[in-house]
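Colleague: Starting off with a structure, shown below.
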Amino acid sequence: MKFRNIKLIAVVLSTSVLGMFSCSDDFTNLEPLGSTSYGNFWKTEQDATEAVNSMYYYMKDEDMFARGFFWYINASDDMVTGRIKSDADNAKNFNLTGDESSLKWMYSQSYKIIRRANDVLANVPNMEINENIKNRLLGEAYFMRAFHYYWIASTYGDNSENGGVPIVLVENMNDAAGGYNRPASVIDNYSQIIDDLTLAADLLPLVTEMNPEDYGRAHKDAALAYIAKTYLYWAQYDSSKYEEVISYCDAVTNSGSGRALINTGNPSQDYRLLHSFENNWTSEYIWSVDSGIEGGSKLPGVMLENKGWGTYNGWGYYQPTEELYQAFEENDVRREVTILKFGDEFQFFGETKKYQSENSLSGFQFNKYMYEYQFENPIGVYVNPNGNDPTTLYNVPVLRYAEVLLMKSEALIMQGKNGDAPLNMVRERAGLAPLVNASIDALKQERRVEFAGEFANRHFDLVRWGDAKEVYAKPLHGRIHSDRSNPDSPYTVQEIWPARNFDPTIMHVWPIPNETVSSSGIPQNKGW
């Protein structure tokens, strides 16, 4: 795919022209180092395109969606950190200082992308280039600015004492370092995000109108879907926003791009193939981490058995819990696709194996990301040759059409209406009987099992539902087998992670990195 070649372009660009005005780690040091070269850059269509391409570079960065944000998702009850890693353990135990090296980059990297988007929005409108291309590039800039504001606003901002995260736009992007303040509420961020995404949706093409070499760029459905998700997060503070969630979920469905679940009537095969490179650009995938054998999301390798049974360098993190396994209904085909348990057969490097692990803390492994490892000699074809950068051809999803359906169902139920239709579309694909008058508890259950181990973020689901304190007050369990080298050995269910004390007045947001707090002068989140 040609779009993957933006990596080289972005590296060159970020260390030259855009580097002259790019943000430091605290996002506020915008001291120009060569404004003449910067001014001369914005002349040609190629200049504009390369500037837009540079925004995508950090999507696949080690500290962003390759791994970074996933350390926070690990806080949920669905998984445990299966190897000793203090930053991950402290995040899971809500015992952070703001100095954790694994967690300090996402905030500042997001602002770097926001700055690049602002550069595009400041300069491209006045360029004499093809109008259709100009509109698309501007749409991508609005989308990428909004997308990264969404992640940092929902991660670090609230509607209480903390407020939102600083809003840096074209109008104020050259303000003096230290001159940015936090808005009174994260709602200010959500409003700005929706404004940007609305402009993006008007300017961007449908993915079905794009050339294959442009797959991975922002498109109309992605903008509409993130408007819906932004309103869903806003609705925890203002229930009237549920109506907007429904409207924009419908806008995705009716956009003309043919959005649909992968559903051929064969549930186990459909859900298995859904989580594979075979469906990277099909009707269900709205926004993903564009990945390949040379870069992208490391989640497939991060979740793989530590050292990969001596065959490939899996990292052995993020292991499912007994609680997640038991959350699936007995005949839910998603359970076996999502989770490997001792004795389950699977294909690995062309061989049939029975799952066992001498490393898994829980006795389980996520199976969802293992499709590309099944082939004989997959290295260099389906899997990254470098086990220290364990990406695969699979574009790890950030938002799928199934989530659009479940967001609509949730919004309907929260309004006292019937949310069965979109909810049952997801259940039907899983081979389950439809529900009648589904409750909010049924909706919560469906989100959990559909998106287990994904960026859909169960932790923040629990936070916005007000369930985190109760859920995290319970210990987590795994299956401890008598002989971890024997896939058929008996097991006992034992506690593998103690109960946690979650304070919803503090821990509903994460601490802003202390480096940013010190350099920018913005206040740290309360209690951290």
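Colleague: Which value, to two decimals, describes the C-alpha radius of gyration of segment 163-237 once divided by 2.2 N^0.38 Å?
Modeller: Details: Rg = 15.2 Å, N = 75, 2.2 N^0.38 = 11.3 Å.
For segment 163-237, the normalised Cα radius of gyration comes out at 1.34.
Colleague: Shape verdict for segment 125-278, please, from the Cα gyration tensor: rounded (a/c under 1.5), prolate (a/b greater than b/c) or oblate. Could the numbers behind the result be given before it?
Modeller: Values: a/c = 2.17, a/b = 1.31, b/c = 1.66.
The shape class here is oblate.
Colleague: If I compute solvent accessible area with a 1.4 Å probe over the protein chains, what percent of it on the chain is carbon and sulfur? Let's see the in-between values first.
Modeller: Values: 8730 of 18780 Å².
Looking at the chain in its full context, I get 47 percent from C and S.
Colleague: To test your reading of the geometry: what angle, between 0 and 90 degrees and rounded to tens, separates the Cα axis of helix 440-450 from the longest principal axis of the chain?
Modeller: The angle comes out at about 90 degrees.
Colleague: Please report, in whole Å, how far the alpha carbons of segment 93-178 spread along each principal axis, starting with the longest.
Modeller: 53, 26, 26
Colleague: With a/c under 1.5 counting as rounded, go ahead and sort segment 134-181 into rounded, prolate or oblate using the C-alpha gyration tensor (a ≥ b ≥ c being the square roots of the eigenvalues; past the cut-off, prolate if a/b is larger than b/c, else oblate). The partial results should precede the final answer.
Modeller: Values: a/c = 3.62, a/b = 1.39, b/c = 2.61.
Oblate is the answer for segment 134-181, as a/c is 1.5 or above yet b/c matches or exceeds a/b.
Colleague: So for each of 180-189, 205-214, 377-386 I average, over its residues, the number of other beta carbons within 10 Å; can you give me the resulting order with the highest mean first? Intermediate values should be presented prior to the final figure.
Modeller: Numbers: 180-189: 19.1, 205-214: 14.7, 377-386: 16.3.
The packing order, highest mean first, is 180-189, 377-386, 205-214.
Colleague: Something else: Would you calculate the volume per residue, in Å³, of the smallest convex hull containing every Cα atom of segment 459-523? Walk me through the numbers on the way to the answer.
Modeller: Working: hull volume 9.6 nm³, N = 65.
About 147 Å³ per residue, rounded to a whole number.
Colleague: Of the peptides 471-479, 263-271, how do they stack up when ordered by the mean number of other Cβ atoms within 10 Å, highest first? It would help to have the intermediate numbers written out before the result.
Modeller: Details: 471-479: 18.4, 263-271: 15.3.
Put in order of decreasing packing, that is 471-479, 263-271.
Colleague: Strictly greater than 18 Å: what percent of every Cα pair in segment 305-379 meets that?
Modeller: On the way: 997 of 2775 pairs.
The share of Cα pairs beyond 18 Å in segment 305-379 comes to 36 percent.
Colleague: Ranked by accessible surface with a 1.4 Å probe, highest first, in what order do ARG427, ARG272 come? Intermediate values should be presented prior to the final figure.
Modeller: Numbers: ARG427 10, ARG272 45 Å².
Descending order: ARG272, ARG427.
Colleague: Mind giving me the nanometre distance, one decimal, between the label points for ILE84 and GLN269, set 7 Å out from Cα along Cα→Cβ?
Modeller: Calculated label separation equals 4.7 nm.
Colleague: Lysines within cross-link reach of LYS474: Cα-Cα under 27 Å, excluding same-chain residues under 8 positions apart?
Modeller: Those lysines meeting the cut-off are LYS85, LYS92, LYS341, LYS368, LYS444, LYS526.
Colleague: Counting DSSP beta bridges in the chain, what percent are antiparallel, to the nearest 5?
Modeller: Values: 21 of 23 bridges.
Percent antiparallel among DSSP bridges in the chain is about 90.
Colleague: Which lysines, if any, have their Cα less than 30 Å from the Cα of LYS134, not counting same-chain residues under 8 positions apart?
Modeller: LYS2, LYS7, LYS43, LYS60, LYS112, LYS220, LYS229
Colleague: Next question. If you place +1 on the Cβ of every Lys and Arg and -1 on the Cβ of every Asp and Glu, how big does the dipole about the Cα centre of the chain come out, in debye to the nearest 20?
Modeller: Roughly 300 debye, rounded to the nearest 20.
Colleague: Under the rule of -39500 (n - 2.57) per DSSP H run of 4 or more residues, summed and divided by the residues of the chain, what mean residue ellipticity at 222 nm is obtained, to the nearest 500 deg cm²/dmol? Let's see the in-between values first.
Modeller: Values: 20 runs with 204 residues, N = 528.
Taken over the chain, the calculation gives -11500 deg cm²/dmol.
Colleague: Can you tell me what the convex hull of the Cα atoms of segment 394-508 projects to on average, as an area in nm²? Before the final figure, lay out each step's value.
Modeller: Values: hull surface 40.6 nm².
For segment 394-508, averaging the hull's shadow over all directions gives 10.2 nm².
Colleague: Further question on the same structure: What Kirkwood hydrodynamic radius, in Å, does segment 187-286 give when the mean of 1/r is taken over all pairs of distinct Cα atoms and then inverted? Write down the numbers at each step before the final one.
Modeller: Details: mean 1/r = 0.0678 Å⁻¹.
14.7 Å is the Kirkwood radius here.
Colleague: Kirkwood hydrodynamic radius, computed over distinct alpha-carbon pairs, for segment 314-438: how many Å, to one decimal? Each step should come with its number before you reach the end.
Modeller: Numbers: mean 1/r = 0.0592 Å⁻¹.
This gives a value of 16.9 Å.
Colleague: Figure the gain on full extension for GLU358 and TYR237 (residue separation times 0.36 nm, minus the Cα-Cα span) and round it to one decimal in nm. All intermediate terms of the calculation are to be shown ahead of the outcome.
Modeller: Working: separation 121, 0.36 × 121 = 43.56 nm, distance 4.55 nm.
Full extension from GLU358 to TYR237 adds 39.0 nm.
The values are calculated or read from the model by the stated rules, or taken from the named source; none is laboratory data. These numbers were taken from a predicted model, which means no experiment stands behind them. A quick note on method: Cβ atoms are made from the backbone with ideal geometry, for glycine too, and the neighbour counts reach across all protein chains shown. With ligands, DNA and RNA removed, areas are computed over all heavy atoms of the protein, side chains included. Shrake-Rupley method; radii C 1.70, N 1.55, O 1.52, S 1.80 Å.
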